[in-house]
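A.B. asks: Sharing a structure here in structure tokens format.
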Amino acid sequence: MIFEGAVHKFGRDVDTDVIIPARYLNTTDPAELASHCMEDIDAGFVARVRPGDIVVAGENFGCGSSREHAPVAIRAAGVSCVVAASFARIFYRNAINTGLPIVICPAAVAGAQAGDRLRVDLATGVVTDLTRDTTYQADAFPAFMRELIAQGGLLPYVKARLDEAAAQ
Amino acid sequence: MGHTIVEKILARAGGRAEVSPGDIVEARVDLALANDVTAPLAIDEFEKAGFTKVFDPTKIALVPDHFTPNKDIKAASQNKRMREFARRHDIAHYWEVGRVGIEHVLLPEQGLVAPGDVVIGADSHTCTYGALAAFSTGVGSTDFAAAMAWGRVWLRVPETIRFVYHGRPSRYVGGKDLMLHTIGLIGVDGALYQAMEFTGPAIKRMSVAGRFTMCNMAIEAGAKCGVVGYDETTAAYLQGRPAGSRARDGGVEANSDPDAAFVREIEIDAAAVEPTVSLPHLASNTAPAASLAGITIDQVVIGSCTNGRLEDLRQAAELLRGRKVHPDVRLIILPGTQQVCLDAAADGTMAALIEAGGAFSTPTCGPCLGGHMGVLAEGERAVATTNRNFVGRMGHPASEVYLASPYVAAASAIAGHIATPEMVDAAGVSSGAPDGGRRGVSGGGRS
């Protein structure tokens, strides 16, 4: 899968409370969650973001609460992919589980600036800054994660395992 | 080669002779929990994936604690969805308002966690139960949904950082101060993907309540879990609780081997740690409370899953008994469970807090995450014994949260500004506001 879009750049330790404030967690509707995405640190984000755009952030992206509403809100806001220097562990799991593509690539984070056109090739891990004509190599996912992603996420993986066990 | 507690628990739960950091295990789950914010999303996913049956209704807990008593119609609808699911699937551990408590205080109190258990929860502070020598970690709603169906969870075996706390903490220093100090030392991602094992003489002497507080905040350093080895303090806590009889091998195995490999070892002199405060907007932004006396406050919150146990409320009452909350300050008490309420009523703690001018709430996560029951307005400041001070955490994005212990929170409620218990003691009994109740201009400190 290849994504291409404009960069929206954030610093380090972007927490899930700013990705989607808890005051909006009385719903699970993706569109409603998306309408408040990032509003406490970047009030113009939702209005500015275009389908396919890419969030680029520093270390520890998604720290704090376990709320899966965070990756859901980012994806529903139109973001195609998040490139970060590192991810908080629960957010990392949640992104994989909900189908929000994420890439760990500190060099791309250091190089890319807000507004740059970025291309991310998930299969090869190659991140290209088209504006600056620079290419970076992202970290590969562990084999187990690649299998999960290939099966369409955690629940299809578990469902297949249980169905298989039931058939025997 | 020996193994850490976490490696031993995950090896057994994963059906392996032994595991090493980096291994992926599919661990059997002893308890899976979710709350009224995370469960509805999990139920949606569970049903969408075509699951019709939970793996074991006695190993699932659904806890309506975040926006309860229902704060608005949407929250009421979410709770209704969770309640109906709990009834339909015969979920053993579900409580209504009036019996429910804050999940991470309630579940151990009910005896649902034993040493050696694997606990996952769709709530990041699930790491609390490491205080009972269990492996417990926060996950998202989809992981919880999968665990409800499967009874297992995939986990990467974490490296363990060993923290050794030497010495005896001073009079007003507890688990909260040691943990804030530790996060200040290593940073909010200082233990990312790793386990934090708390050891040393100061931990050995620490109550289970203090250990719960420390493990609760392991996530604030990015950790997968916090853990304290099984000892006589754990045994005493488990005495008479259902989990007590479940502790495998008497719990003794839930300790790291003497030759276990740690990725890092950090030694801390607990005697040198001062009452500590985390300033906005990161838990790692720490300073001694004594250095922050110029900062005036509007609200104090004492309680939550971090510090909502009887011992915490007693510490607050120790300072507030016979004194008054500053006229400009709103003090809100969030007890962890109904049992904590009853115990606090029985021993005079509740009366002391109410007589001082505090509002005693029903158990709820409430204002900790800016939900309800004490949300902050623009420009307002709170001292809270909760666990997070991110932008907008307790309300308006331009409000501020200072994290502290129950002692520092109570002292601050009396003083009207961030204060240490020693400052309140030095000011004598009664109000604690030396200028007769109004804060002096010089003490303003608003910026």
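A.B. asks: Can you give the three extents of the C-alpha atoms in region B:275-427 along their principal axes, from longest to shortest, in whole Å?
C.D. replies: Sorted from largest, the Cα extents of region B:275-427 read 39, 35, 26 Å.
A.B. asks: Here's a follow-up. Given +1 on the Cβ of Lys and Arg, -1 on the Cβ of Asp and Glu, and no further charges, what dipole in debye does the protein assembly as shown carry about its Cα centre, rounded to the nearest 20?
C.D. replies: Details: 56 positive and 69 negative charges, 144 e Å.
So the dipole magnitude of the protein assembly as shown works out to roughly 700 debye.
A.B. asks: What value, in deg cm²/dmol to 500, does the helix sum -39500 (n - 2.57) over DSSP H runs of n ≥ 4 give at 222 nm once divided by the residues of chain B?
C.D. replies: Working: 16 runs with 136 residues, N = 447.
For chain B, the value works out to -8500 deg cm²/dmol.
A.B. asks: What dipole magnitude, in Debye to the nearest 20, does chain B give about its Cα centre under +1 on Lys/Arg Cβ and -1 on Asp/Glu Cβ?
C.D. replies: On the way: 41 positive and 49 negative charges, 146 e Å.
Here chain B has a charge dipole of around 700 debye.
A.B. asks: Name the residue farthest towards the positive end of the dipole of chain A from the options A:Val158, A:Val79, A:Ala114, assuming +1 on Cβ of Lys and Arg, -1 on Cβ of Asp and Glu, about the Cα centre.
C.D. replies: Comparing the listed Cα positions along the dipole, A:Val158 ranks first.
A.B. asks: What nm distance separates the two modelled labels at B:Ser20 and A:Ala31, each placed 7 Å from Cα along Cα→Cβ?
C.D. replies: 5.2
A.B. asks: Still on this structure, please answer the following. At a 1.4 Å probe, which residues in region B:141-178 are at least 30 Å² less accessible with all protein chains present than in their chain isolated?
C.D. replies: B:Thr142, B:Asp143, B:Ala146, B:Trp150, B:Trp154
A.B. asks: Using a 1.4 Å probe and counting only protein heavy atoms, arrange B:Leu319, B:Leu112 so the residue with the most accessible area comes first.
C.D. replies: Numbers: B:Leu319 5, B:Leu112 25 Å².
Highest to lowest solvent-accessible surface, that is B:Leu112, B:Leu319.
A.B. asks: Heavy-atom accessible area per residue, region B:275-427, 1.4 Å probe: how many Å²? Mind showing how you got there, number by number?
C.D. replies: On the way: 4150 Å² over 153 residues.
That works out to 27 Å² per residue.
A.B. asks: Shifting gears a bit: In nanometres, what is the gap between the two model label sites at A:Arg132 and A:Arg50, each 7 Å from Cα along Cα-to-Cβ?
C.D. replies: 2.1
A.B. asks: A further question on this structure: Taking only protein heavy atoms and a 1.4 Å probe, what accessible area per residue, in Å², does chain A have with all protein chains in place?
C.D. replies: Working: 6360 Å² over 168 residues.
Accessible surface, normalised per residue, equals 38 Å².
A.B. asks: At a probe size of 1.4 Å, how large is the accessible area of B:Thr199, to the nearest 10 Å²?
C.D. replies: It works out to around 20 Å².
A.B. asks: Quick one: P(r) of region B:5-268 from all Cα-Cα pairs, 10 Å bins, percents rounded to integers, in order of increasing distance.
C.D. replies: Taking every Cα pair in region B:5-268, the percentages come to 7, 32, 35, 20, 6, 0.
A.B. asks: Starting from the Kirkwood Rh over alpha-carbon pairs, what translational D in µm² s⁻¹ does chain B have by Stokes-Einstein at 10 °C and 1.306 mPa s?
C.D. replies: Rounded, D is 72 µm²/s.
A.B. asks: Let me ask another. Given a 1.4 Å probe and heavy atoms of the protein chains only, how would you sort B:His417, B:His125, largest accessible area at the top? If you can, show how the numbers build up before the last one.
C.D. replies: Numbers: B:His417 50, B:His125 10 Å².
Correct descending sequence by accessible area is B:His417, B:His125.
A.B. asks: Let me ask something else. I'd like the residues of region A:49-72 whose 1.4 Å-probe accessible area shrinks by no less than 30 Å² going from the isolated chain to the full set of protein chains.
C.D. replies: For region A:49-72, once contacts with the other chains are taken into account, A:Asn60, A:Gly64, A:Ser66, A:Glu68, A:His69 lose 30 Å² or more.
A.B. asks: For region B:51-102, give the magnitude of the charge dipole about the Cα centre (Cβ charges: +1 Lys/Arg, -1 Asp/Glu; no others), in debye to the nearest 20. Before the final figure, lay out each step's value.
C.D. replies: Numbers: 10 positive and 6 negative charges, 30 e Å.
Dipole about the Cα centre, nearest 20: 140 debye.
A.B. asks: To test your reading of the geometry: what angle, between 0 and 90 degrees and rounded to tens, separates the Cα axis of helix B:310-320 from the longest principal axis of chain B?
C.D. replies: The two axes meet at around 0 degrees.
A.B. asks: Would you list the membrane-span-like helices of chain A, meaning whole DSSP H runs whose alpha-carbon atoms span at least 15 Å along their axis and whose mean Kyte-Doolittle value is at least 0.0?
C.D. replies: Details: long enough: A:154-167 (20 Å, 0.32).
Answer set is A:154-167.
A.B. asks: Share of region B:5-268's accessible area from carbon and sulfur, percent, 1.4 Å? Show your work: numbers first, answer last.
C.D. replies: Numbers: 4090 of 8290 Å².
Summing carbon and sulfur atoms, their accessible area is 49 percent of the total for region B:5-268.
A.B. asks: May I ask for the accessible area buried between chains B and A, both sides summed, probe 1.4 Å, to the nearest 100 Å²? It would help to have the intermediate numbers written out before the result.
C.D. replies: Details: alone 16290 and 8400 Å², together 20730 Å².
That pair hides around 4000 Å² of surface in total.
A.B. asks: Sticking with this one: Checking the a/c ratio against 1.5 first, then a/b against b/c, what shape does the Cα gyration tensor give for chain A?
C.D. replies: Working: a/c = 1.95, a/b = 1.21, b/c = 1.61.
Judged from the Cα gyration tensor, chain A comes out oblate (a/c at least 1.5, b/c at or above a/b).
A.B. asks: Ignoring ligands and nucleic acids, what accessible area does B:Val263 show with a 1.4 Å probe (Å², nearest 10)?
C.D. replies: 80
A.B. asks: How much accessible area per residue does region B:55-185 have, in Å², with a 1.4 Å probe? Present the calculation step by step, with values, prior to reporting the outcome.
C.D. replies: Working: 3560 Å² over 131 residues.
Per-residue value: 27 Å².
A.B. asks: Give the Rg/Rh ratio for the protein assembly as shown, taking Rg as the radius of gyration of the Cα atoms and Rh as the Kirkwood radius, to two decimals. The partial results should precede the final answer.
C.D. replies: Values: Rg = 23.4 Å, Rh = 24.4 Å.
Result: Rg/Rh = 0.96.
A.B. asks: For region A:143-168, list whatever residues lose no less than 30 Å² of accessible surface once every protein chain is in place, relative to that chain by itself, with the probe at 1.4 Å.
C.D. replies: A:Phe144, A:Leu154, A:Leu155, A:Val158, A:Lys159, A:Arg161, A:Leu162
A.B. asks: Then there's this: If contacts are Cα pairs under 8 angstrom and at least 6 residues apart, what is the relative contact order of region B:275-427 in percent? Numbers along the way, then the final one.
C.D. replies: On the way: 382 pairs, mean separation 51.0, N = 153.
Reported relative contact order: 33 percent.
A.B. asks: Find, among the GluC sites (Glu not before Pro) in region B:38-102, those assigned to loop by DSSP (not H, G, I, E, B) with at most 13 other beta-carbon atoms within 10 angstrom. Mind showing how you got there, number by number?
C.D. replies: Details: sites: B:Glu45, B:Glu47, B:Glu84, B:Glu96; in loops: B:Glu96.
Within region B:38-102, the qualifying GluC sites (Glu not before Pro) (loop, at most 13 other Cβ atoms within 10 Å) are B:Glu96.
A.B. asks: To test your reading of the geometry: what angle, between 0 and 90 degrees and rounded to tens, separates the Cα axis of helix B:73-88 from the longest principal axis of chain B?
C.D. replies: Result, in degrees: 30.
A.B. asks: On to the next question. Which trypsin sites (Lys or Arg not before Pro) in region B:138-239 pass both tests, a DSSP loop state and at most 14 other beta-carbon atoms within 10 Å? Could you put the intermediate results ahead of the total?
C.D. replies: Values: sites: B:Arg152, B:Arg156, B:Arg162, B:Arg171, B:Lys176, B:Lys204, B:Arg205, B:Arg211, B:Lys224; in loops: B:Arg171, B:Arg205, B:Lys224.
Sites meeting the loop and neighbour criteria: B:Arg171, B:Arg205.
A.B. asks: Sticking with this structure for a sec: Counting only protein heavy atoms and a 1.4 Å probe, tell me what percentage of region A:87-159's accessible area is made up of carbon and sulfur. Spell out each step's value before the answer.
C.D. replies: Details: 1650 of 3000 Å².
Carbon and sulfur atoms account for 55 percent of the accessible area of region A:87-159.
A.B. asks: A further question on this structure: Can you tell me the length gained on complete extension of the stretch B:Ser170 to B:Thr58, counting 0.36 nm per residue apart and subtracting the Cα distance? Write down the numbers at each step before the final one.
C.D. replies: On the way: separation 112, 0.36 × 112 = 40.32 nm, distance 4.28 nm.
Length difference between fully extended and current span is 36.0 nm.
A.B. asks: Still on this structure, please answer the following. Can you put B:Asp328, A:Asp133, B:Asp231, A:Asp29 in order of accessible area, largest first, using a 1.4 Å probe? The partial results should precede the final answer.
C.D. replies: Details: B:Asp328 45, A:Asp133 135, B:Asp231 15, A:Asp29 65 Å².
If we order B:Asp328, A:Asp133, B:Asp231, A:Asp29 from most to least accessible, we get A:Asp133, A:Asp29, B:Asp328, B:Asp231.
A.B. asks: Let me ask something else about it. So, with a 1.4 angstrom probe, what is the percent of accessible area on region B:275-427 that is carbon and sulfur? Show your work: numbers first, answer last.
C.D. replies: Numbers: 2340 of 4150 Å².
Result for region B:275-427: 56 percent of the exposed heavy-atom area is carbon or sulfur.
A.B. asks: Next question. B:Lys48 versus A:Phe144, label points 7 Å from Cα toward the beta carbon: distance in nm?
C.D. replies: Spacing of the two 7 Å Cα→Cβ label points: 2.5 nm.
A.B. asks: If you average the sequence gap of Cα pairs under 8 Å that are 6 or more apart and divide by the length of chain B, what percent do you get for the contact order?
C.D. replies: Details: 1124 pairs, mean separation 74.2, N = 447.
In percent, rounded to a whole number, it is 17.
A.B. asks: Only loop residues by DSSP count here, and only those with at most 13 other Cβ atoms within 10 Å; note down the trypsin sites (Lys or Arg not before Pro) in region B:26-75 that meet that. Write out the running numbers ahead of the final one.
C.D. replies: Details: sites: B:Arg28, B:Lys48, B:Lys53, B:Lys59, B:Lys71, B:Lys74; in loops: B:Lys53, B:Lys71.
Listed in order of number, the matching sites are B:Lys53.
A.B. asks: Ok, one more. Want the number for B:Glu355 to B:Glu267: 0.36 nm per residue separation, take away the alpha-carbon distance, what's left? All intermediate terms of the calculation are to be shown ahead of the outcome.
C.D. replies: Values: separation 88, 0.36 × 88 = 31.68 nm, distance 4.19 nm.
Full extension from B:Glu355 to B:Glu267 adds 27.5 nm.
A.B. asks: Charges on Cβ only, +1 for Lys and Arg, -1 for Asp and Glu, centred on the Cα centroid of the protein assembly as shown; of B:Gly22, B:Ala260, B:Gly322, which one is farthest towards the dipole's positive end?
C.D. replies: Result: B:Gly322, furthest along the dipole toward the positive end.
A.B. asks: How large is the helix-only mean residue ellipticity at 222 nm for chain A, computed as the sum of -39500 (n - 2.57) over DSSP H runs with n ≥ 4, divided by its residue count, in deg cm²/dmol to the nearest 500?
C.D. replies: Values: 8 runs with 59 residues, N = 168.
So the calculated ellipticity at 222 nm is -9000 deg cm²/dmol.
The values are calculated or read from the model by the stated rules, or taken from the named source; none is laboratory data. Bear in mind the structure is a predicted one, so any value in this text is a computation, not a measurement. Cβ: placed from backbone, ideal geometry, glycine included. Neighbour counts: every protein chain shown. The accessibility values were calculated without ligands, DNA or RNA, using every heavy atom of the protein model including side chains. Shrake-Rupley method; radii C 1.70, N 1.55, O 1.52, S 1.80 Å.
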